[in-house]
Structure formats: structure tokens, C-alpha cells
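A short worksheet on the structure shown next.
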Ligand code: DC
């Protein structure tokens, strides 16, 4: 029997470095919702392909990796079986691998059901590239976060430095990001683009707290519209 939905499904899409993860996590904490980082699923398959020498163009073998992978996502950690891969998947080359393997339709198909199962019971914030367009086209709230490429590059570089990945330069980080943007938005299957009904927020000059407040306002506005629908005339 299908489980009944316990709360809203909130879809947050946008390019790398737009600030999606941090603000999604903070909003999830504020609402008492689950936070589901769908990029972590693509990164996990990228890591497996890297370690097993699978070509990122080989859709069939990648789909087999997806089907066999036992992935557990918690709010803070990613497990592959019993192995904690939370740090491994954050390496810059795994971002590129994830972007490459995610262009394969077999991979997208194989991960679609898993994402729908993870979010389908509601009270969930799903963050990714195609959540509002493909995974949950009927999501209750859709937000598209963006920022200038310079700002996104700076944020990603600061993050890498904080993690001790000092060998990567700012110029290299910006170049990798431009390449990832191009691949994610020009791929044939589920390209990165805002859903027609998504609210767009440009985070270039906003603080994380500002962005979380704006998103929380959208949630409250949605709740008040819904409650008026339930009590017409009030
Ligand atoms: O959000 P991220 O940087 O962890 O995502 C890594 C890559 O995974 C991204 O470049 C494209 C892919 N991805 C995707 O195609 N669809 C998603 N819903 C999430 C991520």
C-alpha cells in the first residue's frame, strides 16, 4: 500500500556552487524535513565508475553499477554498503565524473525510481538539477537557485581550501565549473533548466540566512494558500 504523504515536497534545482546544499540543509532543519542530496547519488556512481575503471560513456555498465549499488543517504553522510564515502565523493574529480555519467540516459533512468522513493512520502527537500522538471514535476514548491559564475567559483574554491584541497587553483575551479555548467545544461536528457513554475532566486549578493528566509517565506505562503483552500470563505 502506498504511504500517505506527510508533508510538502520541495524541489531545489540550480547549477554547481549556487549554494543549494547549505541552504537546503538549513531549511530542512528549520522545517523538520528530510534533506535529500540527489547529486550525492550521481557522485556515488561516478566514484564507483572511477574505482572500477568503467568508461563514463558506457551507459549499460553504469546502469548495472546503479542497480547493484546499496546507497544510504542520511542528512549528513553517504554510505555505500557499510563504507562511508561522504568525503570521497566530494573530491573535485568526482564532481566532474558525476557530471559525465549523469548525461547517460540509462543512469538517469536507474536513479529516477530511487529518488522518487526517497522523496515520495513528503516532508522532504530534494536538491539537484532536474527535481522540479523530471523527478517531481508536481512538487509543492519549486525553487531555482542561481548566482554569477564568478561568485559560484569563489564559493567552491573557498570550500575546497577549507577541505585542504589546496592544489586546485581558483582559475582551475572556475574552468571546471564552466565545463560542468555546459555539460549539465546542454545534455540531451533532463538538462539543467528552471521549471516553468519555479521561483528563481539569485544568491550572488545574498547571505545564506537571507536565502533561507526567502525560501521559508515561500513555504509559509504556500501553507496559507492551502489552508484558505481547505476553509473557503475564511
Ligand atoms: O550537486 P552536485 O555538484 O553534487 O552534482 C554533481 C553532478 O551530478 C552534477 O554536475 C550533475 C549531476 N546531477 C544531475 O544530473 N541531476 C541531479 N538531480 C543531481 C546531480
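The values are calculated or read from the model by the stated rules, or taken from the named source; none is laboratory data. Bear in mind that the values here come from a model prediction, so they are computed numbers and not experimental data. Positions of Cβ are backbone-derived with ideal geometry, glycine not excepted, and every protein chain shown enters the neighbour counts.
Miscellaneous remarks
- Of all residues in segment 170-182 being surrounded by fewer than 16 Cβ atoms within 10 Å (Cβ to Cβ) and touching a residue at least 12 places away in the same chain (Cβ under 8 Å), the one that is farthest from the ligand (Cβ to nearest atom): 170
- In summary, residue 127 fulfils each of the numbered conditions (1) within 13 Å of the ligand (Cβ to nearest atom); (2) under 17 Å from the mean Cα position of the chain (by Cα); (3) in a helix (DSSP H, G or I) with the single exception of condition (3).
- Residue among 212, 219, 199 that is in contact with a helix residue (DSSP H, G or I) (Cβ under 7 Å, 6 or more places away or on another chain), more than 15 Å from the ligand (Cβ to nearest atom), touching a residue at least 40 places away in the same chain (Cβ under 8 Å) and over 23 Å from residue 5 (Cβ atoms): 212
- The number of residues in segment 1-16 that are within 11 Å of the ligand (Cβ to nearest atom) and either surrounded by fewer than 24 Cβ atoms within 10 Å (Cβ to Cβ) or closer than 19 Å to residue 103 by Cα (or both) comes to 4.
- Scanning segment 188-198 for residues that are crowded, with 16+ Cβ neighbours inside 10 Å and at pLDDT 90 or above, we see that the one that is nearest to residue 136 (Cα to Cα) is 195.
- Residue identified as assigned to a helix (DSSP H, G or I) and away from the ligand (no atom under 11 Å from the Cβ) among 108, 117: 117
- Taking every residue in segment 16-44 that is without any contact (Cβ under 8 Å) to a residue 60 or more places away in the chain and pairing it with any residue that is part of a helix (DSSP H, G or I) and within 16 Å of the ligand (Cβ to nearest atom), at least 6 positions away or on another chain, the pairs with Cβ-Cβ distances below 8 Å are 40/89; 43/89; 43/90; 43/94; 43/95; 43/97; 43/98; 44/89.
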